[in-house]
Every structure is written in structure tokens, then in C-alpha cells.
Amino acid sequence: MAYIFPRWANRIPAILVLALGGLSTVIVIGGWYYLTPDYFKVGYEPDQPVDYNHQLHAGTLGIDCRYCHSQVEESPHSNVPSNTVCMGCHAGEGDVAFLSRELWNAHKINANLIRVREAYETGEPIRWRRIHKVPEYAHFNHAVHVNAGVSCYSCHGRVDQQIVARQEHSLGMGWCLDCHRNPEEFVVDVRGTLGDAVAVTDLSAVEQALGTPGYADQFGEQLVREKQLQPPEHCAACHY
């Protein structure tokens, strides 16, 4: 009796299983990366209605992060500065005495600053585009972390070197848990308990301190004990 299908057709099921297995692996690996914050958010730097240069303000001019984001030590949320805060420096020539006449003239005709002054005069807030955001079902308390000695640097990177503000880390659950499980690698001595105090907003000093070989063993663990830090790892800590 003649066969309806040739003998090699017996291999088709095995080939299909292998092909589907390979495709499934590619889909899982691709989804693991491309459908997570590591892909969608890290490096995110949206165009803003005003080109605010963090490198100039926080870096060159040395303005403390808390001058603009003034509520991070008291509030769960980091506030976006109002137009009034901007005008504290950009209101008039007498308020920016460090500018030369030439720089002040350029300051007056700068398109971004014209936009800021117009917003201040009309009372219409500048619609800044949000960069950092955890999911709605998760909660992050700025005040708790800042007061524990976690620097802006650990979450936002060297903002003082960013011309355009961007997201440096994924802010995913695994990334957060890395810090909660190893707080000694991220806390700095803000009160000078073990030596010279390091401000959480002194990003250069924090980067240097945390990057020191053996920092966690020599200083971090002592700070964790002194502060009696016990970062929670249970679900209710962030999902409530």
C-alpha cells in the first residue's frame, strides 16, 4: 500500500515544536526587556515647554536641588517649582547681580525666559512634562528616603550634568528592592555622624563617596546601624 505522505513528513511535528519553542523563547526574552521600564523609561527625556538647563543651574551655578524642589524633605512628593520660584532669580537686574551688562541684555531677550516671565505675569502655570513616575499601584515617599540619607543621586543620577533632564534608572520593583536589601550601599552621612557630613544634594560628593572602594563595609553598614534603618521588603511597604 502506498503512503499518502512521504517519510520525511514524520519530522514535521518535531520541527514545529522546536520552531514554536524557539519563537516562544524570543517572545519571552523580547517582552522581558522591551515591555519593561528598562526599555521604555531609562533615558526618557521629553521636550519641555521651557528649555531648563539643569547643568547650568545645579552644576555651574551650584543651586541646591531643594531651592526648586523645596518639599522633598517634608512631603511624599517632589514638587515642581512654580513660576514664582523661577522669578526669584529672573525678576530683574538687581536680583541677578552676578550677571554682567552683556549677559543681562542676553538674559532679557532669551526666548525661554520671556516664556517664564509671560507665564508669571498672566498667572498661567508652565505645563512641565513629567519624567519620573512610578505606577499608580505603587507609592514612593521622597521625605522618608531623603531623611534616611538616600541622595537625589541614587535615583536621578548626576542631574547637575544633564542639559536635558532624563530618567537614569528604571524605577522598577527589582531596582527598588536592590536598595532595600542593601541600604548600606546607598545611604550617606547627612548629619556627620561618622565624620564630615555629606548633603544629599551634593551630587558630586555623593557619587565620590558611594564609589569609594569598601564604602558599604566601612561606612554604609555603620550608618544603617546608627540610623536603625530596616527598609521593608514586603508588598504592603509600597503597595497600599
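The values are calculated or read from the model by the stated rules, or taken from the named source; none is laboratory data. Everything numeric here is computed off the predicted structure, so don't read it as measured data. For neighbour counting, all protein chains shown are included, and Cβ atoms are generated from backbone atoms with ideal geometry for every residue, glycine included. These area figures cover heavy atoms from the full protein model, side chains too; ligands, DNA and RNA do not enter into them. Shrake-Rupley method; radii C 1.70, N 1.55, O 1.52, S 1.80 Å.
Using unit Cβ charges (K, R positive; D, E negative) and no other charged atoms, how large, in debye to the nearest 20, is the dipole of the chain about its Cα centre?
That gives a dipole near 1080 debye.
Could you tell me the calculated FRET efficiency between TYR240 and VAL164, based on Cβ-Cβ distance and R0 = 35 angstrom, to the nearest 0.05?
0.55
Calculate the spin-label point distance for SER82 paired with ALA138, positioning each point 7 Å from the Cα along the beta-carbon direction, and give it in nanometres.
Between ALA138 and SER82, the label points sit 3.1 nm apart.
Taking Cα atoms, how many degrees apart are the long axis of helix 12-34 and the longest axis of the chain, rounded to 10 and kept between 0 and 90?
Rounded to the nearest ten degrees, it is 10.
Could you pull the accessible area for CYS179 with a 1.4 Å probe, rounded to 10 Å²?
30 Å²
Kindly sort SER170, SER204 by accessible area of their heavy atoms, largest first, with the probe set to 1.4 Å.
Final ranking, largest accessible area leading: SER204, SER170.
Can you tell me the orientation of helix 111-122 relative to the chain, as the angle in degrees between its alpha-carbon axis and the longest Cα principal axis, to the nearest 10?
Taking the Cα atoms of the chain, the angle to 111-122 is about 70 degrees.
Ignoring everything except DSSP H segments at least 4 long, calculate the 222 nm mean residue ellipticity for the chain; use -39,500 (n - 2.57) per segment, divide by total residues, nearest 500.
Calculated from helices alone, the mean residue ellipticity at 222 nm is -11000 deg cm²/dmol.
Quick check: with the 1.4 Å probe, what order do LEU177, LEU20 take by accessible area, largest first?
LEU20, LEU177
What accessible surface, in Å², does a 1.4 Å probe find on THR25, ignoring ligands, DNA and RNA and rounding to the nearest 10?
About 80 Å², rounded to the nearest 10.
Express the accessible area of the chain per residue in Å², computed with a 1.4 Å probe while the remaining protein chains stay in the model.
Accessible surface, normalised per residue, equals 67 Å².
Can you return the aspartates and glutamates within cross-link range of LYS108? Criterion is Cα-Cα under 18 Å, with same-chain partners fewer than 8 residues away left out.
LYS108 reaches ASP51, GLU93, ASP95, GLU118, GLU121.
Return the inverse of the average 1/r over all pairs of distinct C-alpha atoms in the stretch 175-240, which is the Kirkwood hydrodynamic radius, in Å to one decimal.
For the stretch 175-240, inverting the mean 1/r across all distinct Cα pairs yields 12.6 Å.
Accessible area, 1.4 Å probe, largest first: how do GLU124, GLU168 sort?
Ranked list, largest accessible area first: GLU124, GLU168.
Between LEU113, LEU229, LEU23, find the one with the highest GNM mean-square fluctuation for the chain; connect C-alpha pairs within less than 10 Å.
LEU23
Ignoring any ligand, DNA or RNA, what whole percent of the accessible area of the chain comes from carbon and sulfur when the probe is 1.4 angstrom?
Exposed carbon and sulfur together represent 58 percent of the surface.
As a test question: what accessible area, to the nearest 10 Å², does GLU121 have when a 1.4 Å probe is rolled over all protein chains in place?
Answer for GLU121: close to 140 Å² accessible.
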